[in-house]
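Q: Sharing a structure below in structure tokens format, with a few things to ask.
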Amino acid sequence: MPQVIFRTFVLLLLTLCGSGAIAQQALPGLRSMGNDRFDVVGLHLRSVSYVNELSAFSIQIAERYLPTKGLAFPSKILISLRPEAHVDFEGDYRIRIAERGSVQVDLLWEDSMTLERTCYVISEALLVQYSVFNYGIEAANQLRSWTISALANDVYLTLRPAKFVDLLKAAQEAEVSELNGILEPSRSGLTVPSAAGYWLLKTMKSGSLERTVLRSLFQQAIAGVDIEEALAAALWASQPTAELLPVQTWWEQQLGFIFGQEYEVVETMEVSREWLAKLGRFDTRLNPGSQEATEELKLDLRAIWTHRSKSEVQELVQARYEILRLRMARINPAYYNPAYSLGVLFESILDDELAHKYLHSLTIYLSDWVDAKRMQESLENILD
């Protein structure tokens, strides 16, 4: 275990054991999981696995707007999942910048913590770490709030595409916000309306801006820059022969265009294929929580059956099963069957079915996967 994480383990354990009543009880050991950019610790592996998967997915979305080099943080963002009895801060989360610019998140982990709110916290922590790493510690309070709203809603709506309709309806019924009222607020000041940043990102993506320009504007805002002038210049450069409109007028016109469209909330075949492949790989290494364990478990879809009785495996599979259920409504129809059969496969592990039933579920999943890839290839050939 890395030294910084071990140190945090000790501090968090002392915090949780601080009261005499709790210290006298047998407190379950802390569990941890991590990915390339986050480490997550908490008391329950199922929750830790869930937040770990969600944070890894948030990174994938963030890479649409941020360069990989800028995300190569020297230390991982640490998320501590805290039950209400062990919260010593106001609100439902706290983000701190620790020594050497590392970011630590304390998250109130109760039933009241929604998926939408968790996406926001993870997104804010990620952008704070990005700003500190690339622009210095002071930049953390100067980054523009709309970028957090934009990334958080992008992550959330990718997982819950059906919620886009609700967000769209609310925006259609509300008055159009002044653009400078969205661009100006920084993280240390007032927050922008919950979805305003997302609609700003949506308007820039639906316009004539090139991807490199969009990414540049997003990164400037993280650095604390009010991008209104840069946005106006980029719009003029993208359409030099068009009438030069005030940015506010462009903003209102783009929103009108977006709000007047009909939307499909289904992923492309390639996106569904890549995501399902990753979800079904099980190349995760688990470090069992027991003191007797001396080595990590190396899992794949075939070997996982052997270790199905272990609580760590059960909770990891449960977390992936829940993530899969969240995204089923968005899966491309070509990949619906393998997504469904992967869910059945997860259920057979969780329900401890007989070995031949598990092998049967695995066979169906692999067959559905091959059929889906063939269907994609056939459809792409037809379209070509």
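Q: Could you check how many percent of all C-alpha pairs in region 122-277 are farther apart than 24 Å?
A: Details: 4483 of 12090 pairs.
So the pairs more than 24 Å apart make up 37 percent of the total in region 122-277.
Q: Give me the dipole magnitude in Debye, nearest 20, for region 163-265 about the Cα centre, with unit charges on the beta carbon: positive for Lys and Arg, negative for Asp and Glu.
A: Working: 7 positive and 13 negative charges, 88 e Å.
It works out to roughly 420 debye.
Q: Still on this structure: Mind giving me the nanometre distance, one decimal, between the label points for A233 and Q220, set 7 Å out from Cα along Cα→Cβ?
A: Simple spin-label model gives 0.6 nm for this pair.
Q: Can you check what the net charge comes to around K76, using other residues whose Cβ is under 9 Å from the Cβ of K76 (Lys, Arg +1; Asp, Glu -1)?
A: -1
Q: Between S378 and I97, what is the label-point separation in nm under the 7 Å Cα-to-beta-carbon projection?
A: 5.6
Q: Work out how much length S367 to N35 would gain on full extension: take 0.36 nm times their residue separation and subtract the Cα-Cα distance, in nm to one decimal.
A: 116.5 nm
Q: With a Förster radius of 30 Å, plug the Cβ-Cβ distance of S188 and E110 into 1/(1 + (r/R0)^6) and report the FRET value to the nearest 0.05.
A: 0.65
Read-outs throughout are calculated quantities, based only on the coordinates presented, and are distinct from any laboratory measurement. What you are looking at is a predicted structure, and each value in this text was computed from that prediction instead of being measured. Please note: Cβ atoms are built from the backbone with ideal geometry, for glycine as well, and neighbour counts cover all protein chains shown.
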